[in-house]
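Trainee: Sharing a structure, written as structure tokens. Questions coming.
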């Protein structure tokens, strides 16, 4: 089966999303001509890559929404047996240099979270990866109050980063967004500007959405339908 070209409309994307709802991961992987790994421990991005291939994402590694022409980001959501998201969702990397020039409406977080396709996938560890089912995708466009809440968190977090105090960031910072280290191991370091304005080396960091927010989105959607 040839991989699809990027969708040219939301309706076309929604049709593709509906077509894969209910499939097992193994069935979708077979359609895409790729092999299912035994588990995701050493293949953390594999499930997202599979969804991108199946649905026709075209952003690759660019810091743009996955469906560039539509301005829509794709995020897979691992859910437990009760349909709940239990882990934070990675959004994008945190800029650690030249931070004063960054503004909310030109930020990567803003671009990626204005319009998102959330794709739930079973994640219960007792179910083999190939047998896990893909749920019904949700095309979500952020409401003004949701964008305001995201902006508030982003500005608080980036304020700490701009002052070079990112080592003091904790899980308590941010109601919806949080910043966490993002590296395969502690030896992976990047340049950053410290509190005294000098260049230092530190762990790369990423913006993540807290699970209570993604669960809220899924609950709101499926209560309406």
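The values are calculated or read from the model by the stated rules, or taken from the named source; none is laboratory data. Given the structure is predicted, the values throughout are model-derived calculations rather than measurements. Heads up, the Cβs are rebuilt from the backbone with ideal geometry, glycines too, and the neighbour counts pull from every protein chain shown.
Trainee: Name the single residue, out of those in region 164-176 being free of Cβ contacts under 8 Å to residues at least 12 places away in the same chain and not in a helix (DSSP H, G or I), that is nearest to the chain's Cα centre (by Cα). Break it down into steps so the answer makes sense when it comes.
Mentor: Going through region 164-176, the residues free of Cβ contacts under 8 Å to residues at least 12 places away in the same chain turn out to be 168, 170-172.
Now restrict to residues that are not in a helix (DSSP H, G or I): 170-172.
On the way: 170: 20, 171: 18, 172: 20 Å.
Ranking the qualifying residues of region 164-176, first place goes to 171.
Trainee: May I pose another question? Does residue 169 satisfy the condition of being surrounded by 14 or more Cβ atoms within 10 Å (Cβ to Cβ), modelled with pLDDT under 85 and within 17 Å of residue 152 (Cβ to Cβ)? Before you say what the answer is, go through the steps one by one.
Mentor: On the way: surrounded by 14 or more Cβ atoms within 10 Å (Cβ to Cβ): yes; modelled with pLDDT under 85: yes; within 17 Å of residue 152 (Cβ to Cβ): yes.
Spelling it out, residue 169 is indeed surrounded by 14 or more Cβ atoms within 10 Å (Cβ to Cβ), modelled with pLDDT under 85 and within 17 Å of residue 152 (Cβ to Cβ).
Trainee: Criterion first (touching a residue at least 60 places away in the same chain (Cβ under 8 Å) and in contact with a helix residue (DSSP H, G or I) (Cβ under 7 Å, 6 or more places away or on another chain)) does residue 218 satisfy it? Let's see the steps before the verdict.
Mentor: Values: touching a residue at least 60 places away in the same chain (Cβ under 8 Å): yes; in contact with a helix residue (DSSP H, G or I) (Cβ under 7 Å, 6 or more places away or on another chain): no.
Criteria not met by residue 218.
Trainee: Being in contact (Cβ under 8 Å) with a residue 40 or more places away in the chain, over 24 Å from residue 55 (Cα atoms), in contact with a helix residue (DSSP H, G or I) (Cβ under 9 Å, 6 or more places away or on another chain) and outside any helix (DSSP H, G or I): is that true of residue 179 here?
Mentor: Details: in contact (Cβ under 8 Å) with a residue 40 or more places away in the chain: yes; over 24 Å from residue 55 (Cα atoms): yes; in contact with a helix residue (DSSP H, G or I) (Cβ under 9 Å, 6 or more places away or on another chain): yes; outside any helix (DSSP H, G or I): yes.
Taking the combined requirement at face value, the residue satisfies it.
Trainee: Scan region 184-191 and tell me whether some residue there is more than 17 Å from the chain's Cα centre (by Cα), surrounded by fewer than 16 Cβ atoms within 10 Å (Cβ to Cβ), assigned to a helix (DSSP H, G or I) and in contact (Cβ under 8 Å) with a residue 24 or more places away in the chain.
Mentor: Checking region 184-191: not a single residue is more than 17 Å from the chain's Cα centre (by Cα), surrounded by fewer than 16 Cβ atoms within 10 Å (Cβ to Cβ), assigned to a helix (DSSP H, G or I) and in contact (Cβ under 8 Å) with a residue 24 or more places away in the chain.
Trainee: If I go through region 139-157 residue by residue, how many of them are surrounded by fewer than 20 Cβ atoms within 10 Å (Cβ to Cβ) and not in a helix (DSSP H, G or I)? Walk me through how you get there before you give the answer.
Mentor: Of region 139-157, the ones surrounded by fewer than 20 Cβ atoms within 10 Å (Cβ to Cβ) are 139, 141-149, 151-152, 155-156.
Filter once more, so that each one left must be not in a helix (DSSP H, G or I): 139, 141-143.
The total comes to 4.
Trainee: Now, a different point. Among all residue pairs at least 6 apart or on different chains, which show Cβ distances below 7 Å where the first residue, located in region 142-157, is farther than 16 Å from residue 207 by Cα and the second is assigned to a helix (DSSP H, G or I)?
Mentor: Final answer for the pair search is 142/113.
Trainee: For region 93-113, which positions are over 13 Å from the mean Cα position of the chain (by Cα) and either at pLDDT 90 or above or within 17 Å of residue 206 (Cβ to Cβ) (or both)?
Mentor: Answer for region 93-113, where residues must be over 13 Å from the mean Cα position of the chain (by Cα) and either at pLDDT 90 or above or within 17 Å of residue 206 (Cβ to Cβ) (or both): 94, 95, 96, 97, 99, 102, 103, 104, 105, 106, 107.
Trainee: What are the residues in region 48-77 that are out of contact with any strand residue (DSSP E or B) (no Cβ under 6 Å at 6 or more places or on another chain) and under 29 Å from residue 202 (Cβ atoms), if any?
Mentor: Within region 48-77, 49, 59, 60, 61, 62, 63, 64 qualify.
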